[in-house]
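Written below as C-alpha cells is the structure these notes are about.
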Amino acid sequence: MAQFVLNDTLTRSKREVYAEDGDTLRFYCCGPTVYGPAHIGNFRTFIVQDLFRRVAELSGLKTKHVRNITDVDDKTIRESLKEGKTLGEFTAYWHGLFARDCQALNLLPPHVEPSAVEHIPEQVALIEKLVSSGHAYQGADGSVYFKVSAFENYGRLSHLDKRELKLGVSANDSDEYEKESLADFALWKARKPEDGDNFWESPWGQGRPGWHLECSAMGMKYLSESFDLHAGGVDLCFPHHENEIAQSEAATGKTFARHWFHSEHLMVEGSKMSKSLKNLYTLDDITHGRRDGVEGAAPGYSPAELRFEMLSGHYRQKMNFTWDGLRAARINLERIAAFAHRLEAIAGGTMCNYDTALSIAKSGGGDAFSDAWAALLDDLNTPSALGRLNSAMKPLEKRATAGDVDAAEAGELLDGLAVLVHAFGWELPAVGEPVAAEVPVEVQELAEKRTAARAAKDWAASDALRDAISALGWQIKDGKDGYELTKSD
Ligand SMILES: [Zn+2]
C-alpha cells in the first residue's frame, strides 16, 4: 500500500505518517473550550482531524487519539458565574452538547478525552519541574511565568522571527500580570477576585493553571513525553502550540511532537465568521436552516451533508462555507448513496461497516477506487479524491444500470467504495428515505434541558423530561458520547 504522507508545519514539507514505536500512532488534538455551542468553524477542524484518523487507520495504523476539554479559563469562569452555576455544572452542560454534535457528525470518539480540571496535579508537577530547571519564575503578582528567553527554539513552529514574536504577543495578550518579558506566558495564574470559588492550591499559592499548560501535561500523560503527531486549527499555531513545545521540551529535553498538523480557517459566504455578522453557525443552525438568525430561512441540512461540504475543500486552504455548497453536498451524497444501493442490489449484500472496511484495507483489498484513495493518502487531498471518485463512478453507473456488472464485480466495487465512504466518514442515506429524520425543535430543546438536568444530577427532572419527550413521540437513549433521539414506533 502507498505511504500516507501529510504536511508538517514544523518542516513545511510532506512527511510520512508513522508510529515511532512501530505499533500505535499516538496523536493529540486541541479540543474545545466548553462555554457555549461549538460553531461550524470549530467543527471543520474536528472533521479534518477525524478524516486524518480514519485515513491513518484504513492505511493500516493503530491509533491512540487524545483530545482535551478545556473546562477552566477566563471565559468558562466568567460565563458560569454570570449564570449562577458552578464551573462543573456549567461546563458539563456544554460538554454534553459538544459530544452530541460530534456524534451527529460521525466523529470517531477520541480514545481519551481528558479535561484540564481533572489534571491539576499533573499541571502543578510540570510547573515545579520548569521552576526548578530555571525555565519559569514567580512574578511579583504571584503568578508563575515561562521564561521564553530560556528556551532556545522558541518560534520554530510558527516560523516567526524574534521581533515578530514580540509584536504578536503584545497584540494578542490581554493578560495584565507582571512578567519579566512581554513574550513570557503564564503557567500558573494567581487567584483574582473575579475567579470566584474557582481556584486550587499550589506551591505558589491559590490560583489556576494557565491555558497553554493543560495540553502539555495531558499530552505527555496519555501519549508519553514524546509522541507522533499534534493537531489543531491554524489559529493555535501561535502562541498556543509554540508555548506547548517550549514548556514541554524545556521540561523533558525531548521532542514533544514529531509532526504538526494544522488545518485552515473556515469562511462563511465569503466573509470571516463573527458574532456581528450572525454567521457563527452551529450544527443546530444547519439542521434547522437557521440563517442570519432567522429560523427556517434556508432548508435544513443533515450533519452528513455538512460533513461532506467541509471535506470538499483541501484542509490547507481556507474553506468557504455556503448554503449552496450544502445543496451541492446533498446532491453528491445522494448520488453516491444511489450508486452504493445499486451495487448492493446486484451483489446481494450491504456495504460493510467501518471495522470490516479496516480489515478489507489491511488485507490489501478494497482498491476498486485506488486513484481516489491515493489522493487521500497524499496529504488528505479530498477535492482530488472526490473528483477521481466522480470520474470513476460515471462509466460504472452506466454499466450497472445496463445490467453489465455481475455480482462478483459489484461486491468488489462495494468494498472499494466502502473504504472511501468510511474514510470520509459519510453516513449514506438509505434508499428512498430523506437524508435525515428531522428532530423537531421542541424535542431537541427538551433533550438539551435533560442533559443539563443530568449534569446537575437532578434525576427527577431528567425523568420528567424523558416522559415529556416520549409524549411527543420520540425516544431518548443515552450513550457514552451523549444522547440519541429516535422516533417511537
Ligand atoms: Zn492545546
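The values are calculated or read from the model by the stated rules, or taken from the named source; none is laboratory data. If you're wondering where the values come from, they're calculated on a predicted model, not measured in any experiment. Please note: Cβ atoms are built from the backbone with ideal geometry, for glycine as well, and neighbour counts cover all protein chains shown.
Quick notes
- Filter result for E83 (closer than 27 Å to W188 by Cα, more than 16 Å from the ligand (Cβ to nearest atom) and free of Cβ contacts under 8 Å to residues at least 60 places away in the same chain): yes
- A single member of Y315, Y354 is surrounded by 15 or more Cβ atoms within 10 Å (Cβ to Cβ), aromatic (F, W, Y) and in contact with a His (Cβ under 6 Å, 6 or more places away or on another chain), and it is Y354.
- The range 9-52 - residue that is crowded, with 21+ Cβ neighbours inside 10 Å and among the charged types (D, E, K, R) and, of those, nearest to L97 (Cα to Cα): R44
- Sole exception among (1) modelled with pLDDT of 95 or more; (2) buried (at least 20 other Cβ atoms within 10 Å of the Cβ) for L446, by number: (1)
- Positions within the range 36-45 being in contact with a helix residue (DSSP H, G or I) (Cβ under 7 Å, 6 or more places away or on another chain) and either farther than 30 Å from Y301 by Cβ or within 16 Å of the ligand (Cβ to nearest atom) (or both), in sequence order: A38
- Which numbered condition D73 misses (of (1) acidic (D, E); (2) within 19 Å of the chain's Cα centre (by Cα); (3) within 16 Å of the ligand (Cβ to nearest atom)): (2)
- Of all residues in the range 160-175, none are in the same structural domain as L87 (by TED's automatic domain parsing), over 21 Å from P32 (Cα atoms), modelled with pLDDT of 95 or more and surrounded by 15 or more Cβ atoms within 10 Å (Cβ to Cβ).
- Positions within the range 373-420 being out of contact with any strand residue (DSSP E or B) (no Cβ under 7 Å at 6 or more places or on another chain), outside any helix (DSSP H, G or I) and crowded, with 19+ Cβ neighbours inside 10 Å, in sequence order: V405
- Elements of type strands (runs of 3 or more DSSP E) in the range 221-279, at least 3 residues being more than 16 Å from the ligand (Cβ to nearest atom): 266-268
- Considering residues of the range 48-69 that are in a strand (DSSP E or B) and touching a Cys at 6+ places or on another chain (Cβ under 8 Å) only, the residue farthest from the ligand (Cβ to nearest atom): H65
- Candidates R67, R156, R78, filtered to the one that is charged (D, E, K, R), at pLDDT 95 or above, assigned by TED's automatic domain parsing to the domain that holds S181 and under 21 Å from C237 (Cα atoms): R67
- Selection within the range 1-33 - in contact with a strand residue (DSSP E or B) (Cβ under 6 Å, 6 or more places away or on another chain), closer than 29 Å to E305 by Cα and within 16 Å of the ligand (Cβ to nearest atom): F27, Y28, C29, C30, G31, T33
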